[in-house]
Amino acid sequence: MNLVTFCGSLRSGSANAATMRAALANLPDGVTVTEIDISEIPFYDGDLEEAGVPASVTALHDAVAAADGVLIFTPEYNASYPARTKNVIDWLSRPPRSWEGRGLTLVVTTPGGRAGAGIRGHFDLVMGHFKVKHFPALGIGAYGDKLEDGEMIDAETIETMKSFIAEFAAHCLAEAPAD
């Protein structure tokens, strides 16, 4: 089982990057994850696409095409996606649509107790429009005591993520529902 992942926050001290590092260090047996650097992916522009898909976007599609699923770690900005996360979704929705038939989910880590309820609801709504094996997102809220020196240390959160990724991996392998 191979998944690809990226973090929608480019901030050096990102709680979501810390969550991703903890998840990658505690993967369930049989699951490998390849991290994608999204910092060089330009913002979607139809003119840019028409002139020739950038190499960074082609590399993104190639990585997703070689995987069983996509695991997104992202903050919530104003109850929705940050621009970088949405940009990757926009590019993946364009031909060759390498994510079709693959599992797709996200993990959102927020300082508030709602655990990213806004972005998780938005994710469910948006993903319903694509031919992906959508898996409901995991929200991790009130992360203040769960991080130490910029790293996720909360054993319960780490175990929850490990179980979540195992369930997501099984979902990726399951047959897609008929349209």
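Numbers below:
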quantity: Residue that is surrounded by the fewest Cβ atoms within 10 Å (Cβ to Cβ) [pool: residues in the range 22-40 that are of a type in the set (D, E) and in contact with a Phe, Trp or Tyr (Cβ under 8 Å, 6 or more places away or on another chain)]; calculated: D37
quantity: Of all residues in the range 54-90 being among the hydrophobic types (A, V, I, L, M, F, W, C) and touching a Pro at 6+ places or on another chain (Cβ under 9 Å), the one that is surrounded by the fewest Cβ atoms within 10 Å (Cβ to Cβ); calculated: A65
quantity: Matching residues in the range 110-129 - criterion: being surrounded by 15 or more Cβ atoms within 10 Å (Cβ to Cβ) and either small (G, A, S) or within 22 Å of H171 (Cα to Cα) (or both); calculated: A115, G116, A117, G118, I119, R120, H122, F123, V126, M127
quantity: Residue match in the range 156-177 (condition: touching a residue at least 60 places away in the same chain (Cβ under 8 Å), buried (at least 19 other Cβ atoms within 10 Å of the Cβ) and not in a helix (DSSP H, G or I)); calculated: no
quantity: Residue among G112, G144, G118 that alone is over 29 Å from A66 (Cα atoms), assigned to a helix (DSSP H, G or I), among the small types (G, A, S) and modelled with pLDDT under 95; calculated: G144
quantity: Top-ranked residue of the range 49-90 - restricted to ones that are under 12 Å from the mean Cα position of the chain (by Cα) and aromatic (F, W, Y), ranked as modelled with the lowest pLDDT; calculated: Y81
quantity: Test: residue in the range 114-126 that is in contact with a Gly (Cβ under 6 Å, 6 or more places away or on another chain) and either more than 19 Å from E76 (Cβ to Cβ) or of a type in the set (S, T, N, Q) (or both); calculated: no
quantity: Where D154 falls short, out of the listed (1) over 15 Å from the mean Cα position of the chain (by Cα); (2) under 16 Å from K86 (Cα atoms); calculated: (2)
quantity: Of all residues making up the range 11-58, the number that are of a type outside the set (S, T, N, Q), within 18 Å of Y143 (Cβ to Cβ), in contact (Cβ under 8 Å) with a residue 40 or more places away in the chain and out of contact with any helix residue (DSSP H, G or I) (no Cβ under 6 Å at 6 or more places or on another chain); calculated: 5
quantity: Condition met for G46 (buried (at least 16 other Cβ atoms within 10 Å of the Cβ) and modelled with pLDDT of 95 or more); calculated: no
quantity: The range 92-103, residues that are surrounded by 23 or more Cβ atoms within 10 Å (Cβ to Cβ) and out of contact with any His (no Cβ under 7 Å at 6 or more places or on another chain); calculated: W99
quantity: Among (1) surrounded by fewer than 17 Cβ atoms within 10 Å (Cβ to Cβ); (2) closer than 30 Å to Y143 by Cα; (3) at pLDDT 95 or above - the single one L106 does not satisfy; calculated: (1)
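The values are calculated or read from the model by the stated rules, or taken from the named source; none is laboratory data. No experiment lies behind these values; they were computed from the predicted model shown. A quick note on method: Cβ atoms are made from the backbone with ideal geometry, for glycine too, and the neighbour counts reach across all protein chains shown.
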